[in-house]
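What follows is a short report on a single structure.
Derivation of every value follows stated rules applied to the coordinates shown; laboratory data play no part. Because the structure is a prediction, the values reported are computed rather than measured. Reconstructed Cβ throughout: ideal geometry from the backbone, glycine too, with neighbour counts over all protein chains shown.
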Amino acid sequence: MMKTILLFALTNVLLATSAFAAELPIEGIYGDEMGCERLTRGPDAIDEPGGINVYADRIEGYEWGCSWAEVWEYPHSNGSGFGVQGLCGGEGIPFLEQYIIELGFDDPSQMTVFAANGDPRWELNLCEGVPQQGGKG
């Protein structure tokens with residue numbers, strides 16, 4: 001019985017450890033106009049709420065964010081689609097979120113983030129001239 005409990009606990013630790021290492025196979029940081037501007041000018045330079053940024057290991061919005069717990073290939077017409085499961089938090093509330101991420105077929109500097117049901121959420125571009133900020137960004 002004790003061996004079973006230890007094996008179960010070890011399995012859960014290994015799964016949790018691998019979950020936090022999930023990354024999208026992207027280089028750089030993607031964002032909407034405000035998200036990229038916030039990165040280049042600094043977070044305190046813009047008084048308005050808003051801005052989305054996608055990194056290899058996470059997504060960040062204004063006062064919320066998700067770390068990728070799981071990343072998998074998602075069949076898309078261009079072959080560059082990924083499903084992601086995020087461990088998220090915002091305003092002190094933890095939640096889970098799933099997204100579908102598609103890189104542009106003709107232009108990999110473009111990215112579309114869809115809700116889990118397929119509704120488009122954000123059209124993003126590769127942020128130019130931003131400092132390295134975690135993940136593969």
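With θ set to phi - 60°, apply the Karplus curve 6.51 cos²θ - 1.76 cosθ + 1.60 along segment 108-114 and write out the HN-Hα couplings as whole Hz, x wherever there is a Gly or Pro.
x, 7, 10, 9, 10, 10, 10
Subtract the Cα-Cα distance of Tyr74 and Asp106 from 0.36 nm times their separation in residues, and report this length gain in nm to one decimal.
Between Tyr74 and Asp106, full extension yields an extra 9.7 nm.
Under 5 Å between amide H atoms, partner at least 5 residues away or on a different chain: which partners does Glu70 have, H built in plane at 1.01 Å?
Hits under the 5 Å cutoff: Gln85.
For the pair Glu23 and Glu91, what calculated FRET efficiency results from E = 1/(1 + (r/R0)^6), where r is the Cβ-Cβ distance and R0 = 30 Å, to the nearest 0.05?
Calculated value: 0.70.
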